[in-house]
Amino acid sequence: MKNNILEVVGLITPGRYQKIQCRDYPPNKHYRLKPPADKVADSNGHLDDTFFTMQTDENGFIGLNKESKKTTAKVYFLGGSTTECIWNNADVRWPTRVATDFNKRCNSGIKINCFNSGVWGNTTAQSVNLLINKILPLKPNCVVMMHNINDLVLMIHESDYWKAHTPSRKILARSAWDAMPSSMMRKVYLNKKINKLKRIVGDLLGLTENKNDEFAKVRNLPSKLDEKTYLKQFTDNLHLFIFTCRLKHVHPILMTQASRLKDNPDNIIREHVETMMKEKGLSYEKVSGYFNSLNNCIRQVAAELNVTLIDLESAIPKTEDMMFDSVHFTDKGCITVASHIADELFKLQIFDSKS
């Protein structure tokens, strides 16, 4: 190195330290997941204090999705934890249950297979990433996207998809090894191995509870949501999703997000929202208003671009037997959601035996 200029013989290898995050699950994994104690306590008995199983298929989608010669169409669902449904029993998670319900209704020889690509925390930006880099190569016939609350929370904490500092919300991630001295690399590597071993032992003994607050560094800061730009940012991502699907001859479907946010909410819902947003300076009414604006944005984009819309927010009752908190479905809620989506897909007649 001369005068702080690194001299290299040959080519510099790009892309080693900074990568686009594709937030999905590894293939062929089997997990046992237990909800945090506070989630169970606030659910009024609608979330069991037990371990739920989650398995991923050969492509990392939730559920064991076996291809069949009888399958005529493949439907992929993009979203966050309300699509993922990890705290529901495996047999009722709505994305894969949609296929069962649809195939029971259809006697014309059309059989669909549905894939759950939901990941907790994912936003429209991350789902577009998954669409382009993971789902499109698998030749989907239809892709359904449901987002709202994660985009809203990101805007409140970070203001912008591309400038997020929260690790789970970053689009571009820089490696921890970037420019790290070799002596420190050895220490970091050893600590990572020790912590991983502790987690494994804790999981085996049932002692591990994830108490990490992903927004801890910004939780107590005022809201960063820009009322002049948040709807435009959200709309742009909806457009990206639609145009990308259409460019690849895939049928796009937009879906509004169901919730228990309403004008006169249950006390536990109001208290939860106000507690989470107290330091942000946002009232329940303000947050609920933002949420409704994003759902209305989905409806407007679907109408303007002539895109299929499944208005889940209007179809699912805002009750605790449907959702154990503000947005996450109970098992009963999952069954209701799956039935409604299957009905909507059946009425659309977008599949044929040659799909």
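The values are calculated or read from the model by the stated rules, or taken from the named source; none is laboratory data. Values in this document were obtained by computation on a predicted structure and should not be read as measured data. Quick reminder, even Gly has a Cβ in these numbers, built from the backbone with ideal geometry, and neighbours come from all protein chains shown.
Annotation: of all residues in the stretch 323-347 being farther than 17 Å from Phe77 by Cα and more than 19 Å from the chain's Cα centre (by Cα), the one that is modelled with the highest pLDDT is Lys332. When the residues of the stretch 320-346 are narrowed to those that are among the hydrophobic types (A, V, I, L, M, F, W, C) and closer than 14 Å to Pro95 by Cα, which ends up surrounded by the fewest Cβ atoms within 10 Å (Cβ to Cβ)? The selected residue is Ile335. For the stretch 211-242, the set of residues classified as among the aromatic types (Phe, Trp, Tyr) and assigned to a loop (DSSP other than H, G, I, E, B) consists of Phe215 only. State all residues of the stretch 273-323 that are aromatic (Phe, Trp, Tyr) and touching a Phe, Trp or Tyr at 6+ places or on another chain (Cβ under 9 Å); if no residue qualifies, say none. Passing the criteria: only Tyr290.
Scanning the stretch 45-61 for residues that are more than 13 Å from Asn89 (Cβ to Cβ) and part of a strand (DSSP E or B) gives a single hit, Thr56. A search for C-beta distances below 8 Å between a residue of the stretch 133-145 that is more than 10 Å from Tyr76 (Cα to Cα) and any residue that is assigned to a helix (DSSP H, G or I) and small (Gly, Ala, Ser), counting only pairs 6+ apart in sequence or on different chains, returns nothing.
As for the stretch 74-94, it holds at least one residue that is touching a residue at least 12 places away in the same chain (Cβ under 8 Å), among the small types (Gly, Ala, Ser), in contact with a strand residue (DSSP E or B) (Cβ under 8 Å, 6 or more places away or on another chain) and assigned to a strand (DSSP E or B). Among helices (runs of 4 or more DSSP H) entirely within the stretch 243-327, having at least 3 residues that are farther than 29 Å from Lys347 by Cβ singles out 267-277, 284-304. Taken together, the residues in the stretch 26-44 that are part of a loop (DSSP other than H, G, I, E, B) and exposed (fewer than 11 other Cβ atoms within 10 Å of the Cβ) amount to 1. Against the definition (within 30 Å of Thr275 (Cβ to Cβ), surrounded by fewer than 20 Cβ atoms within 10 Å (Cβ to Cβ) and at pLDDT 95 or above), how does Ala315 come out, yes or no? In short, yes. Within the stretch 242-270, restricting attention to residues that are within 11 Å of Ser326 (Cα to Cα) and among the charged types (D, E, K, R), the residue that is surrounded by the fewest Cβ atoms within 10 Å (Cβ to Cβ) is Lys262.
Considering each of Asn113, Asn103 in turn, give the residue that is in contact with a strand residue (DSSP E or B) (Cβ under 9 Å, 6 or more places away or on another chain) and either in a loop (DSSP other than H, G, I, E, B) or surrounded by 19 or more Cβ atoms within 10 Å (Cβ to Cβ) (or both).
Every option except Asn113 fails the conditions.
Checked against the criterion of being at pLDDT below 80 and farther than 30 Å from Thr72 by Cβ, the candidates Ser159, Ser183 yield just one match: Ser183.
In this structure, is Ser168 modelled with pLDDT of 70 or more, within 18 Å of Lys19 (Cβ to Cβ) and surrounded by 11 or more Cβ atoms within 10 Å (Cβ to Cβ)? Answer is yes for this residue.
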